[in-house]
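Student: Below you will find the structure I want to go over with you.
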Amino acid sequence: MSKHSAVPFLRRRSTVAAAAVGAAAALGTGLTLSNVFATTTAAPKVVLPTANATFDYQIGAAYTPAKGVTAVSRDRSAKPAKGLYNVCYVNAFQAQPDALSWWEKKYPDLILRDKNNRPVIDEDWDEALLDTSTADKRTRLAKVVGEWVDGCAKSGFQAVEPDNLDSYDRSGGRLTKAHNAAFAKLLADRAHAAGLAIGQKNTADLLSDRTKIGFDFAVAEECGQYNECGDFAKAYSNRVFVIEYEDSGFKRACAGFGTKLSIVQRDLDVTARGSDDYVFRTC
């Protein structure tokens, strides 16, 4: 998982249609149920990304994309890049460090905890894991994260990538693949209802569950480094955004899949152009 920015947690609230009330009112005036449902607004069309697009990964900071870039991923707090295919980054399975107090205040029981009631922490990024272990908690989490997904759509993004799908690997056995897959299914349904494609973020162990969950494409960090690009490419018909951080992984990804997948090398902190650490290379 790449390092990502700290972002505000309050987003625009989605508008919820009172369908049952509308149906009752229509029946009261003599309309049939078929008439009611015939006037229901269809879900927005989901647009899938193009394979082998020139891609930039900007979740650390947004900046003007280089000439020729046709797809970009940005944090949900940023604006989409005009005229490009935009993927919205959402930290869906963990809480960023500066947001932990917000979670503790609003939803303390949705934080995964150890036997001493302390948050279980992803030590690499100092992020508390969210608790996807029960259907009730997944439903409540989906309401919170779902508003962020709706916010991505309202901002003008075409897709969303929910990060830390593999949080079960860092849970000390408290979470399972099945728990996270079930939560991801709720997010996929929410994304599709909002007209967004949804990407599987890493986690090759869940490739076999992609159709059941509802993933449309993949965002694969360091699949070249770990020899996983072929698995993602096959699963998603080459609709894969690849981010490499090491020269060796970038070279391997380009050599094997440079004409098939959307591959970029970025610096680990995904900084903006002008930074001393800035790296941006495509095959």
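The values are calculated or read from the model by the stated rules, or taken from the named source; none is laboratory data. Everything numeric in this text was worked out from a predicted model, so none of it was measured. Cβ placement follows ideal geometry from the backbone for every residue including glycine, while neighbour counts extend to all protein chains displayed. The area values use the complete protein model at the heavy-atom level, side chains included, leaving out ligands, DNA and RNA. Shrake-Rupley method; radii C 1.70, N 1.55, O 1.52, S 1.80 Å.
Student: Which of the following residues is part of a loop (DSSP other than H, G, I, E, B), under 24 Å from residue 268 (Cβ atoms), modelled with pLDDT under 95 and open to solvent by 80 Å² or more (accessible area, probe 1.4 Å): 3, 45?
Tutor: On the way: 45 fails: under 24 Å from residue 268 (Cβ atoms).
3 is the lone residue from the list that is part of a loop (DSSP other than H, G, I, E, B), under 24 Å from residue 268 (Cβ atoms), modelled with pLDDT under 95 and open to solvent by 80 Å² or more (accessible area, probe 1.4 Å).
Student: Out of segment 150-181, which residues are without any contact (Cβ under 8 Å) to a residue 40 or more places away in the chain, closer than 14 Å to residue 112 by Cα, assigned to a helix (DSSP H, G or I) and not acidic (Asp, Glu)?
Tutor: The answer is 168, and nothing else.
Student: Also, quick follow-up: Please go through segment 166-185 and give me each residue that is in contact with a Gly (Cβ under 9 Å, 6 or more places away or on another chain) and crowded, with 21+ Cβ neighbours inside 10 Å, ordered by number.
Tutor: Our first condition is that a residue be in contact with a Gly (Cβ under 9 Å, 6 or more places away or on another chain); within segment 166-185, this holds for 184-185.
Once the filter is applied, which keeps residues that are in contact with a Gly (Cβ under 9 Å, 6 or more places away or on another chain) and crowded, with 21+ Cβ neighbours inside 10 Å, segment 166-185 yields only 184.
Student: Looking at segment 49-70 only, could you name the residues that are assigned to a strand (DSSP E or B) and closer than 24 Å to residue 256 by Cβ? Break it down stepwise before answering.
Tutor: Here is the first cut: in segment 49-70, the ones assigned to a strand (DSSP E or B) are 55-58.
Selection gives 55, 56, 57.
Student: Quick check on my filter: what residues within segment 135-149 are out of contact with any helix residue (DSSP H, G or I) (no Cβ under 8 Å at 6 or more places or on another chain) and either under 11 Å from residue 186 (Cα atoms) or part of a loop (DSSP other than H, G, I, E, B) (or both)?
Tutor: Kept after step one, since they are out of contact with any helix residue (DSSP H, G or I) (no Cβ under 8 Å at 6 or more places or on another chain), are these residues of segment 135-149: 136, 143, 147-148.
Listed by number, the list holds a single entry, 143.
Student: If residue 73 satisfies all but one of (1) among the small types (Gly, Ala, Ser); (2) in contact with a helix residue (DSSP H, G or I) (Cβ under 7 Å, 6 or more places away or on another chain); (3) in a strand (DSSP E or B), what's the number of the condition it fails?
Tutor: (2)
Student: Let me ask something else about it. Considering only segment 235-262, state which residues are out of contact with any Ser or Thr (no Cβ under 8 Å at 6 or more places or on another chain), on the phi < 0 side of the Ramachandran plot and not in a helix (DSSP H, G or I). Talk me through it step by step, then tell me what you get.
Tutor: Pass one, segment 235-262, residues out of contact with any Ser or Thr (no Cβ under 8 Å at 6 or more places or on another chain): 235-238, 244, 246-261.
Of the ones still in play, those that are also on the phi < 0 side of the Ramachandran plot are 235-236, 244, 246-261.
The answer is 236, 244, 246, 258, 259, 260, 261.
Student: Tally up the residues in segment 182-208 that are under 11 Å from the mean Cα position of the chain (by Cα) and part of a helix (DSSP H, G or I), please. Don't jump to the end; show me each part of the working.
Tutor: Residues of segment 182-208 under 11 Å from the mean Cα position of the chain (by Cα): 184, 187-188, 191, 196-202.
Then keep just the ones that are part of a helix (DSSP H, G or I); that gives 184, 187-188, 191.
Going through segment 182-208 one residue at a time, the tally reaches 4.
Student: Moving on. With hydrophobic (A, V, I, L, M, F, W, C), free of Cβ contacts under 8 Å to residues at least 40 places away in the same chain and under 21 Å from residue 90 (Cβ atoms) as the only criterion, which of 186, 207, 196 stands out?
Tutor: On the way: 186 fails: free of Cβ contacts under 8 Å to residues at least 40 places away in the same chain; 196 fails: free of Cβ contacts under 8 Å to residues at least 40 places away in the same chain.
Just one listed residue meets the conditions, 207.
Student: Select from segment 257-273 the residues that are out of contact with any helix residue (DSSP H, G or I) (no Cβ under 9 Å at 6 or more places or on another chain), touching a residue at least 40 places away in the same chain (Cβ under 8 Å) and not hydrophobic (A, V, I, L, M, F, W, C) and write down the one among them that is nearest to residue 57 (Cα to Cα). Steps first, answer last, please.
Tutor: Taking segment 257-273 as the starting set, the residues that turn out to be out of contact with any helix residue (DSSP H, G or I) (no Cβ under 9 Å at 6 or more places or on another chain) are 258-259, 262, 266-273.
Next, from what is left, pick out any that are touching a residue at least 40 places away in the same chain (Cβ under 8 Å): 259, 262, 266, 268-273.
Remaining after also requiring not hydrophobic (A, V, I, L, M, F, W, C): 259, 262, 266, 269, 271, 273.
Numbers: 259: 18, 262: 11, 266: 7, 269: 11, 271: 10, 273: 12 Å.
The extreme case among them is 266.
Student: Under the condition of being under 20 Å from residue 139 (Cβ atoms) and in a strand (DSSP E or B), which residue from segment 96-125 is least open to solvent (accessible area, probe 1.4 Å)?
Tutor: Here the answer is 111.
Student: Tell me, please, whether a residue that is of a type outside the set (Gly, Ala, Ser), more than 18 Å from the chain's Cα centre (by Cα), outside any helix (DSSP H, G or I) and modelled with pLDDT under 50 can be found in segment 16-26. Explain how you work it out, then say what you get.
Tutor: Restricting attention to segment 16-26, the residues satisfying the condition of being of a type outside the set (Gly, Ala, Ser) are 16, 21.
Going one step further and asking which of them are more than 18 Å from the chain's Cα centre (by Cα), we end up with 16, 21.
With the extra rule that they be outside any helix (DSSP H, G or I), the set shrinks to 16.
Then keep just the ones that are modelled with pLDDT under 50; that gives 16.
Taking every residue of segment 16-26 in turn, at least one turns out to be of a type outside the set (Gly, Ala, Ser), more than 18 Å from the chain's Cα centre (by Cα), outside any helix (DSSP H, G or I) and modelled with pLDDT under 50.
Yes/no matrix, rows are residues, columns are (1) among the hydrophobic types (A, V, I, L, M, F, W, C); (2) more than 18 Å from residue 46 (Cα to Cα):
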{"site": "200", "(1), (2)": "no, no"}
{"site": "212", "(1), (2)": "no, no"}
{"site": "238", "(1), (2)": "no, no"}
{"site": "241", "(1), (2)": "yes, no"}
{"site": "245", "(1), (2)": "no, yes"}
{"site": "263", "(1), (2)": "yes, yes"}
{"site": "268", "(1), (2)": "yes, yes"}
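Student: A follow-up question, please. Would you mind telling me which numbered condition in (1) of a type in the set (Val, Ile, Thr); (2) in a helix (DSSP H, G or I); (3) surrounded by 23 or more Cβ atoms within 10 Å (Cβ to Cβ) residue 211 fails?
Tutor: Here residue 211 meets the rest and fails (3).
To keep it simple, each residue is scored yes or no on (1) among the basic types (Lys, Arg); (2) in contact with a strand residue (DSSP E or B) (Cβ under 9 Å, 6 or more places away or on another chain).
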position: 242; (1), (2): no, yes
position: 245; (1), (2): no, yes
position: 250; (1), (2): no, yes
position: 256; (1), (2): no, no
position: 260; (1), (2): yes, yes
position: 264; (1), (2): no, yes
position: 267; (1), (2): no, yes
position: 276; (1), (2): no, no
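Student: Is there any pair with a first residue in segment 229-256 that is under 19 Å from residue 73 (Cα atoms) and a second that is buried (at least 19 other Cβ atoms within 10 Å of the Cβ) and at pLDDT below 95 whose Cβ atoms are under 7 Å apart and which are 6 or more apart or on different chains, and what are they?
Tutor: That search, which allows pairs on different chains as well, returns 243/2.
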